[in-house]
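The values are calculated or read from the model by the stated rules, or taken from the named source; none is laboratory data. Bear in mind the structure is a predicted one, so any value in this text is a computation, not a measurement. FYI the Cβ positions are ideal-geometry reconstructions off the backbone, even for glycines, and counts take in every protein chain you see.
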Amino acid sequence: GDSVTQMEGPVTLSEEAFLTINCTYTATGYPSLFWYVQYPGEGLQLLLKATKADDKGSNKGFEATYRKETTSFHLEKGSVQVSDSAVYFCALRDAGNMLTFGGGTRLMVKP
Amino acid sequence: DTAVSQTPKYLVTQMGNDKSIKCEQNLGHDTMYWYKQDSKKFLKIMFSYNNKELIINETVPNRFSPKSPDKAHLNLHINSLELGDSAVYFCASSQGKDTQYFGPGTRLTVL
């Protein structure tokens, strides 16, 4: 079956540092890929998405590129802020419209 | 206005009890979902439901039953609660295969 693997956290960075959270997937066919963010005590919010190979999703300074050859969708941000502290989930959506999530990566940004 | 809402936000109950969690969406979406997030933040789809079809994840015990009185509501009823049911339950909705929007979650604690 489909699966998503993310780097385990927590990831602790200082403000303005560069962020990378790795995500790789296993799927049949051509899934759509997503990053969701969960702020403390809240539900999940869609951060960005990509629906086909080589697409780049971007939002709020975050970017991720759909790499079919490496089955990856790594999340990056050039300069993190304290307000970016949250749990980040990589996910894929199969043809049946089901979302499969990775285990989540907690990001902590210190001032 | 809240797009996807859930009640209650917190639910504490004893083993063996029967409880329900309610979900409502005001986005006019035709598809709704229930997800379970365990203590390690791992998220897993439980059900997907639209006007025409209920898709059940085969790993979900039959003590869990979704009920949809209309397109805007998808409630989750749980019979004979067990300790392992303690988790945060998220409702989500989408228009077909478009982006899924999540509710704030219901934290269920079974004592």
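The listed residues are B:Lys44, B:Lys67, B:Lys40, and the only one of them that is within 10 Å of chain A (Cβ to nearest Cβ), exposed (fewer than 14 other Cβ atoms within 10 Å of the Cβ) and of a type in the set (D, E, K, R) turns out to be B:Lys40. Number of residues in segment B:76-103 that are surrounded by fewer than 21 Cβ atoms within 10 Å (Cβ to Cβ), farther than 23 Å from A:Gly41 by Cβ and either of a type in the set (S, T, N, Q) or within 14 Å of chain A (Cβ to nearest Cβ) (or both): the value is 6. Among the residues of segment A:1-48, the ones that are small (Gly, Ala, Ser) and farther than 18 Å from B:Gln37 by Cβ come to 6 in all. For segment A:16-48, filtering for residues that are within 11 Å of chain B (Cβ to nearest Cβ) and over 9 Å from the mean Cα position of the chain (by Cα) leaves 9. So which residues in segment A:29-80 are of a type in the set (Val, Ile, Thr) and in a strand (DSSP E or B)? If the condition is that a residue be of a type in the set (Val, Ile, Thr) and in a strand (DSSP E or B), then A:Val37, A:Thr65 are the ones that fit.
Scanning segment A:26-54 for residues that are farther than 11 Å from A:Arg93 by Cβ and among the aromatic types (Phe, Trp, Tyr) yields A:Trp35, A:Tyr36, A:Tyr39. Can you confirm whether segment A:81-95 contains a residue that is more than 26 Å from B:Tyr89 (Cα to Cα) and either assigned to a strand (DSSP E or B) or touching a Pro at 6+ places or on another chain (Cβ under 7 Å) (or both)? Within segment A:81-95, one or more residues are more than 26 Å from B:Tyr89 (Cα to Cα) and either assigned to a strand (DSSP E or B) or touching a Pro at 6+ places or on another chain (Cβ under 7 Å) (or both).
For segment B:60-76, the condition of being acidic (Asp, Glu), part of a loop (DSSP other than H, G, I, E, B) and on the phi < 0 side of the Ramachandran plot holds for none of the residues. Of everything in segment B:15-39 that is within 12 Å of B:Ser86 (Cβ to Cβ) and polar (S, T, N, Q), the residue that is modelled with the lowest pLDDT is B:Ser39.
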